[in-house]
Amino acid sequence: MAGIAILNARVGICHVMAHKMGIFKIPHGLAISFLLDETMRYNMKNEIAKKRCNKIAKELGLKNAHMLVEEIKRLKEKIGMKSIVSHIDENDFNNKLDLMAKEAAKDALLQFNPRKASMKEIKKIYEKAYYENNQ
């Protein structure tokens, strides 16, 4: 049943990439929260996705989509969410990075993402999430 729900939901890159992080035995929702900022930034280079994020931002009283991403980051800090590096060893992450990116790039659910993503782009998102969002 869960598989049918996921197919009908037409999830995007964040969900796909988080699913591949299961290799680290971390909860799926936690993996999504680690990737959300970077996958939103990636998708906002697509005009349709950016318009959707701008609409959500305005509904929340924020100026634009970029402020929405910053607000998500702020909320994660406010609730004391630990960074990805506190959950995944750097050597382990780097050893599994290519496999995760390769598997994510060929995942059929990626077709529902508003912006196409290559293995190289997916790898870069993983790296940014790990190395740049590690406060």
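Values for this structure:
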| read-out | value |
| --- | --- |
| Per-residue [θ]222 nm for the chain (sum of -39500 (n - 2.57) over DSSP H runs n ≥ 4, rounded to 500) | -20500 deg cm²/dmol |
| 10 Å Cβ shell holding at most 12 others, DSSP loop, trypsin sites (Lys or Arg not before Pro): longest site-free stretch of the chain | 83-105 |
| Separation in nanometres of the label points that stand 7 Å from Cα toward Cβ, at Glu121 and His28 | 2.4 |
| Selected from Asn91, Asn43, Asn54 as most flexible by GNM, with the chain as the system and alpha-carbon contacts under 10 Å | Asn91 |
| Between the stretch 35-52 and the stretch 73-124, the alpha-carbon center distance in angstrom | 15 |
| Label point distance in nm, Ile79-Asp92, each placed 7 Å from Cα along Cα→Cβ | 2.3 |
| Most mobile listed residue (Ala65, Ala104, Ala18) in the chain, GNM with C-alpha springs under 10 Å | Ala65 |
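We did not get these values from a lab; they are worked out from the coordinates using the rules stated. The shown structure was predicted, so the numbers you read here are calculated from the model rather than taken from an experiment. Note that we place each Cβ from the backbone using ideal geometry, even for glycine, and neighbour counts take in every protein chain shown.
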